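Just so it is clear, none of the values below were taken in a lab; they were calculated from the coordinates. Predicted model only: the values in this text are computed from it and were never measured. So basically every Cβ, Gly included, is an ideal-geometry build from the backbone, and we count neighbours across all protein chains shown.
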Amino acid sequence: MRARFNPPAHKRFIFVGTTALLIAAIARWPFGFVYRNAPVAALLSYGFLIILVAYDLWSTRKVHRATIWAGAFLIFVQQIRLPLGKTAAWHAFAGWVQSFAR
């Protein structure tokens with residue numbers, strides 16, 4: 001929220017957030033190697049982060065701090081979400097949240 005008043009950082013955070021949402025769209029492409037394959041879709045979405053890094057290098061000759069931190073956080077979350085989502089602890093937590101919400 002603080003980056004709203006920092007246009008270059010805000011632009012990069014919005015781009016990385018959009019990239020995070022693209023995994024669902026990429027996983028629906030009608031190609032056998034990527035269709036309903038979340039790890040491959042995540043790897044393909046990293047191409048958009050590479051485009052952002054290339055833009056940073058082209059426009060400012062260095063990678064913006066927001067690109068580095070947001071990109072690293074996105075990669076971390078994408079890599080940890082599938083193994084974490086299969087644990088019994090996560091299923092217990094999700095069941096508790098669902099029962100609490102009812």
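Some notes on this structure:
- Residue ID - nearest to Thr19 (Cα to Cα), chosen from residues in region 49-64 that are touching a helix residue (DSSP H, G or I) at 6+ places or on another chain (Cβ under 8 Å) and surrounded by 12 or more Cβ atoms within 10 Å (Cβ to Cβ): Leu49
- Single residue of region 1-22 satisfying the filter (within 11 Å of the chain's Cα centre (by Cα) and polar (S, T, N, Q)) that is surrounded by the fewest Cβ atoms within 10 Å (Cβ to Cβ): Thr18
- Qualifying residue in region 23-34 (condition: part of a helix (DSSP H, G or I) and surrounded by fewer than 17 Cβ atoms within 10 Å (Cβ to Cβ)): yes
- Residue match in region 47-62 (condition: assigned to a loop (DSSP other than H, G, I, E, B), without any contact (Cβ under 8 Å) to a residue 12 or more places away in the chain and among the charged types (D, E, K, R)): yes
Conditions (1) in contact with a helix residue (DSSP H, G or I) (Cβ under 7 Å, 6 or more places away or on another chain); (2) farther than 19 Å from Leu21 by Cβ; (3) among the small types (Gly, Ala, Ser), marked per residue:
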position	(1), (2), (3)
Ala41	yes, no, yes
Leu44	yes, no, no
Phe73	no, no, no
Val77	no, no, no
Ile80	no, no, no
Phe93	no, yes, no
Val97	no, yes, no
Ala101	no, yes, yes
